[in-house]
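A.B. asks: Below is the structure I would like to discuss, written out as structure tokens.
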Amino acid sequence: MGSILVVAEIQKGKVREASYELVSFARKVGEATGREVKSLVLGQGVSGLAEELSKKGGGEVFAADDAALANYNAGGHFAAVKAAIDAAAPDLILLSNTPSGWDVAPRVAATLDAAFVSDCFDIEVDGGELVFLRRFFNGKLDARLRPAGLPIVATMQPGATAAFSAASEGKVTPLSITVGEGGTKFIEVKAASAKGVDLTKAEIIISGGRSLGGPEKFEEVIKPLADALGGAMGASRPVVDAGWLPHAHQVGSSGQVVSPKLYVACGISGAIQHLVGMKSSNFIIAINKDPDAPIFEVANLGVVGDLFEVVPKLTEAVKTAKG
Amino acid sequence: MKIMVCIKQVPHQDARLDVKGDGTWIQEEGIKFEINQYDQNALEAALQLKDASGGEVVVVSVGPERVTQSLRTALGMGADRAVHVKDPEADGSDPLGIAKILAAVAKAESPDLLFTGFMSDDGNIAAVGPMLAALLDVPHTTTAVSLKHENGSIQVERELEGGALEVVELKTPCLVTTQTGMNQVRYASLKGIMAAKKKTIDVKTVADLGLAGQVGAGAAKVKIEKLYLPAKGQGAEILSGSVDEVVGKLVGKIKELGLL
Ligand SMILES: Cc1cc2nc3c(=O)[nH]c(=O)nc-3n(C[C@@H](O)[C@H](O)[C@H](O)COP(=O)(O)OP(=O)(O)OC[C@H]3O[C@@H](n4cnc5c(N)ncnc54)[C@H](O)[C@@H]3O)c2cc1C
Ligand SMILES: Cc1cc2nc3c(=O)[nH]c(=O)nc-3n(C[C@H](O)[C@H](O)[C@H](O)COP(=O)(O)OP(=O)(O)OC[C@H]3O[C@@H](n4cnc5c(N)ncnc54)[C@H](O)[C@@H]3O)c2cc1C
């Protein structure tokens, strides 16, 4: 039996929460199947973080500490993961489904000729084999996936399980890497622009999705309700992609993460990238014509119906209630 | 510059999805299909490069007969040629199987730049692009939201979390996966559609590509055991009644929350 390799991620000088979630998954599978958990920490000046991870569930932690890893770059990251695989001999390699994880993980899998599963929210052990659970069709269907053999490269959805937090024995092993020339070169990171509304400060957000069909419908249907309640307008990604509203209105993993007192989702299906941006709202109302829309899973109150009928009536009723 | 764009035909965004009898995929009969959103942005990016500095755009798709229509649309939008890998032997491939097929096509075409979408709207695996780059041993980047081409190098802004961007540079040949919203996608004009009638769609089988027995369901390293509707969990309390009744209850709740 091989080991399990957790590829940890450093963010703002810390081991990312999602990496400790990977440790939780690794420990669960490790205990059920007798696999040892090992980890990789990569970056520049990361030996202290490797030490920390080794004492918090990471097991033997390989530390690739190299100037070539100072900023994320596909070539350097790939070289470090490959070196850790050679050192740790894993048959299960876990990464987080984050911009670095989704960039490098499929490349690692293809190079190893390994089975690949992505954005999973759970791992089950069934008859000694591993079964991965994930969503298909933008959250509309769940799937059980069974790799036909080993090794397996898997990316896990951030937030899918609790982060591992107990103390444990471990050790740090330095890992040297060679990064070839000619790969993808890092130039710079541009911070998100802070122009426009600040949704994180809004107490009430009324959001609309692709089904609104155009910018004029936001003006006609969504804005009046937002105005009546003194709230702000939010949107799913397709709305911003199409240029109906500026990016500052986008709620989700590539937009704003909000937790208002009230979030009303109108005609938004509830893809995971949207849910991570709003599911910690205090109270969620969802209006969708599809009773199976995944948005209803995180909502407190749901209305199965046509938003073009429900929202204007709601706006009128709110105005009447205010007198 | 020669550009290869990989396009997948997927169920239309508004199609009703029902799981088929054996639970392994959706029922495809009677639903509408379209070019994957992410791939539409990839094709647009390729056509913009061609508009700016010339070259050739080749679109490639793996899939059954229905895919012809998407390839015709791509040709109508301005792609120069199409390659259609149409073979039941390719059915049920996992992303690595699809990447192997596309790699075989790419080896014959030797493009300077390859595009795939970041992910497909059906499988959502987001794997084919980086896998294809690995098989071709070319550098890659993912989730591109803008792209510039200057003397043999490609500069890409890739999307990170929360709206941050990372600027990267790649030397051709290389592969870029595109994120939605990267550009506004053109429509196929009437003139384009007429011109497309004279363009060729090169149909190939898995055996033509030297991959007999290496792709398809049998070779897939990951099996879809079962697709099912997500468990409802705690779920929302679904309000019943007429629209007026429902709206009344919503207003009641908003008052209760102290927001009215
Ligand atoms: C009946 C049936 C059974 C299936 N069984 C399995 C199974 O057992 N295991 C499994 O893993 N999958 C299975 N699939 C789904 C499988 O075929 C996926 O389409 C494949 O795994 C690629 O994943 P993806 O589309 O999510 O790719 P992604 O990696 O999300 O796609 C990214 C990009 O790659 C390109 N691309 C992807 N597919 C194509 C294509 N066909 N032609 C051209 N470019 C393409 C596009 O540019 C796309 O934007 C099955 C599908 C069907 C119809
Ligand atoms: C890396 C990455 C980052 C992403 N980041 C984000 C992000 O930050 N934010 C985000 O939102 N998405 C993000 N996405 C996109 C996400 O995957 C989904 O595609 C998107 O959230 C879908 O938006 P939607 O719900 O508006 O559209 P759809 O999924 O198309 O849903 C439309 C919904 O409207 C309903 N509907 C249609 N007509 C009506 C009507 N008349 N009345 C009521 N309901 C109706 C339908 O039943 C359906 O549920 C990201 C994707 C990726 C890959």
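What follows is calculated from the coordinates using simple rules that are stated; it is not laboratory data. The structure displayed is predicted, hence computed values, not measured ones. Methodologically, a virtual Cβ is constructed for each residue, glycine included, from the backbone with ideal geometry; neighbour enumeration extends over all protein chains shown.
A.B. asks: Past 30 Å, Cα to Cα: identify those pairs from A:Lys38/B:Lys223; B:Lys171/B:Lys191; B:Lys107/B:Lys148; B:Lys2/B:Lys204; A:Lys55/A:Lys261; B:Lys107/B:Lys223, in the order given.
C.D. replies: B:Lys171/B:Lys191; A:Lys55/A:Lys261
A.B. asks: For chain B, modelled as a GNM with alpha-carbon contacts under 10 angstrom, which of B:Ala220, B:Ala90, B:Ala108 fluctuates the most?
C.D. replies: Sorting by GNM fluctuation, first place goes to B:Ala108.
A.B. asks: Looking at the protein assembly as shown, send over the antiparallel percent of its DSSP beta bridges, to the nearest 5.
C.D. replies: About 35 percent, rounded to the nearest 5.
A.B. asks: Taking every pair of Cα atoms in the protein assembly as shown, average 1/r, invert it to obtain the Kirkwood radius, and report Rg/Rh to two decimals.
C.D. replies: 0.97
A.B. asks: If one computes the Cα centroid of the stretch B:131-207 and of the stretch A:22-90, what distance in Å separates the two points?
C.D. replies: Using only Cα atoms, the two centres lie 32 Å from each other.
A.B. asks: Cut-off under 17 Å on the C-alpha distance; same-chain residues fewer than 8 positions from B:Lys32 excluded. Which aspartates and glutamates are left, in chain and number order?
C.D. replies: Here the aspartates and glutamates satisfying the reach criterion relative to B:Lys32 are B:Asp14, B:Asp18, B:Glu65, B:Asp121, B:Asp122.
A.B. asks: Moving on. Ignoring GluC sites (Glu not before Pro) that are buried or in helix or strand per DSSP, and keeping those with at most 11 other beta carbon atoms within 10 Å, what is the longest stretch of chain A between them?
C.D. replies: Of all site-free stretches, the longest is A:1-168.
A.B. asks: List residues of the stretch B:26-46, by number, whose backbone nitrogen lies under 16 Å from a label position 7 Å along Cα→C-beta of B:Lys226.
C.D. replies: Of the residues in the stretch B:26-46, B:26 have backbone N under 16 Å from the label point off B:Lys226.
A.B. asks: Continuing with this model, one more query. Rg/Rh for the stretch B:125-260: what does it come to with C-alpha atoms and Rh from Kirkwood?
C.D. replies: Ratio value, two decimals: 1.16.
A.B. asks: Count the DSSP beta bridges whose two residues both fall in the stretch B:1-117, then state the antiparallel fraction as a percent rounded to the nearest 5.
C.D. replies: Around 25 percent of the beta bridges assigned by DSSP in the stretch B:1-117 are antiparallel ones.
A.B. asks: Restricting attention to the stretch B:137-226, which trypsin sites (Lys or Arg not before Pro) occupy a DSSP loop and are surrounded by at most 10 other Cβ atoms within 10 Å? The partial results should precede the final answer.
C.D. replies: On the way: sites: B:Lys148, B:Arg158, B:Lys171, B:Arg186, B:Lys191, B:Lys197, B:Lys198, B:Lys199, B:Lys204, B:Lys221, B:Lys223, B:Lys226; in loops: B:Arg186, B:Lys197, B:Lys198, B:Lys199, B:Lys221.
Counting only loop positions with at most 10 other Cβ atoms within 10 Å, the trypsin sites (Lys or Arg not before Pro) in the stretch B:137-226 are B:Lys197, B:Lys198.
A.B. asks: Which of the aspartates and glutamates could a cross-linker span from B:Lys226 if the Cα-Cα distance has to be under 12 Å and same-chain partners fewer than 8 positions apart are dropped?
C.D. replies: Cross-link targets: A:Asp142, B:Asp22.
A.B. asks: How far, in degrees from 0 to 90, does helix A:17-33 lean away from the longest principal axis of the Cα atoms of chain A, to the nearest 10?
C.D. replies: Compared with the principal axis, the helix lies near 60 degrees.
A.B. asks: How many nm separate the modelled label positions at B:Asp244 and A:Ala192, each set 7 Å beyond the Cα in the direction of the Cβ?
C.D. replies: Going by the 7 Å Cα→Cβ label model, 4.3 nm.
A.B. asks: So if I restrict to the alpha-carbon atoms in the stretch B:2-219, what is the Rg, and what is Dmax, the biggest pairwise distance, in Å?
C.D. replies: Both quantities, over Cα of the stretch B:2-219: 16.6, 53 Å.
A.B. asks: Shifting gears a bit: Could you size up the charge dipole of the protein assembly as shown around its Cα centre, putting +1 on the beta carbon of Lys and Arg and -1 on that of Asp and Glu, and report it in debye to the nearest 20?
C.D. replies: In total the dipole reaches around 660 debye.
A.B. asks: Restricting to Cα pairs below 8 Å that are 6+ residues apart, what does the relative contact order work out to for chain B? Please round to a whole percent.
C.D. replies: Values: 488 pairs, mean separation 63.8, N = 260.
So the answer I get is 25 percent.
A.B. asks: Of B:Ala90, B:Cys174, B:Met131, which is farthest towards the positive pole of the protein assembly as shown's charge dipole, taken about the Cα centre with +1 and -1 on the beta-carbons of Lys, Arg and Asp, Glu respectively?
C.D. replies: B:Cys174
A.B. asks: Please get the size of the charge dipole for the stretch B:41-173, origin at its Cα centre, with Cβ charges of +1 on Lys and Arg and -1 on Asp and Glu, quoted in debye to the nearest 20.
C.D. replies: Roughly 300 debye for the stretch B:41-173.
A.B. asks: Once Lys and Arg get +1 and Asp and Glu get -1 on their Cβ, which of A:Gly252, A:Gly58, A:Trp102 lies farthest toward the positive end of the dipole of the protein assembly as shown?
C.D. replies: Towards the positive end, the residue furthest out is A:Gly252.
A.B. asks: So what's the back-of-envelope 222 nm ellipticity for chain B, counting only DSSP H runs of four-plus at -39500 (n - 2.57) apiece and dividing by all residues, rounded to 500?
C.D. replies: Calculated from helices alone, the mean residue ellipticity at 222 nm is -8500 deg cm²/dmol.
A.B. asks: What angle, in degrees between 0 and 90 and rounded to the nearest 10, separates the Cα long axis of helix A:74-88 from the longest principal axis of the Cα atoms of chain A?
C.D. replies: Rounded to the nearest ten degrees, it is 50.
A.B. asks: Sticking with this structure for a sec: In the protein assembly as shown, with Lys and Arg counted as +1 and Asp and Glu as -1 at Cβ, which of these residues, B:Ala195, B:Gly216, B:Ala144, has the Cα nearest the positive end of the dipole, that is, farthest along it?
C.D. replies: In the protein assembly as shown, that residue is B:Ala195.
A.B. asks: Rounded to the nearest 5, what % of the DSSP beta bridges within the stretch A:101-221 are antiparallel ones? Can you show the working numbers first?
C.D. replies: Details: 11 of 15 bridges.
Given both bridge residues lie in the stretch A:101-221, the antiparallel proportion sits at roughly 75 percent.
A.B. asks: Return the single residue from B:Val156, B:Val206, B:Val167 with maximal mean-square fluctuation; model: Gaussian network over chain B, springs between Cα atoms under 10 Å.
C.D. replies: Result for chain B, Cα springs under 10 Å: B:Val167 fluctuates most.
A.B. asks: Let me ask something additional. Hey, what number do you get for chain A at 222 nm if only DSSP H runs of n ≥ 4 count, each worth -39500 (n - 2.57), divided across all residues, to the nearest 500?
C.D. replies: -8500 deg cm²/dmol
A.B. asks: Between exposed trypsin sites (Lys or Arg not before Pro) in chain A, where DSSP calls loop and at most 13 other Cβ atoms lie within 10 Å, what's the longest gap?
C.D. replies: Value returned for the longest uninterrupted segment is A:13-194.
A.B. asks: So what does the Cα-only Debye profile of chain A read at q = 0.15 Å⁻¹, as log10 I(q)/I(0), no solvent term?
C.D. replies: Summing over Cα pairs of chain A leads to -1.13.
A.B. asks: Something else: Report, as a whole number in µm² per second, the diffusion coefficient that Stokes-Einstein gives for the stretch B:1-71 at 25 °C and 0.890 mPa s using the Kirkwood radius over alpha carbon pairs.
C.D. replies: For these conditions, the coefficient is 179 µm²/s.
A.B. asks: Within the set of other residues whose C-beta is less than 15 Å from the C-beta of A:Ile268, count the net charge using Lys and Arg as +1 and Asp and Glu as -1.
C.D. replies: Counting the neighbours of A:Ile268, the net charge comes to 0.
A.B. asks: Further question: Does the stretch B:70-120 come out rounded, prolate or oblate by the C-alpha gyration tensor, with a ≥ b ≥ c the root eigenvalues, rounded set by a/c under 1.5 and, if not, prolate when a/b is larger than b/c and oblate if not?
C.D. replies: It comes out prolate by the Cα gyration axes.
A.B. asks: Please work out the Kirkwood hydrodynamic radius for the stretch A:3-174, using every pair of different C-alpha atoms, and report it in angstroms with one decimal place.
C.D. replies: After inverting the mean inverse Cα-Cα distance, the result is 15.7 Å.
A.B. asks: With +1 assigned to the C-beta of every Lys and Arg and -1 to the C-beta of every Asp and Glu, and no other charges, what is the dipole magnitude of the stretch A:3-174 about the Cα centre in debye, to the nearest 20?
C.D. replies: Taking the Cα centre of the stretch A:3-174 as origin, the dipole is about 300 debye.
A.B. asks: Tilt of helix A:307-322 relative to the longest C-alpha principal axis of chain A, in degrees (0 to 90, nearest 10)?
C.D. replies: 60
A.B. asks: Calculate the length of the line joining the C-alpha centroid of the stretch A:250-295 to that of the stretch A:170-227, in whole Å.
C.D. replies: Value for the Cα centre distance between the two parts: 15 Å.
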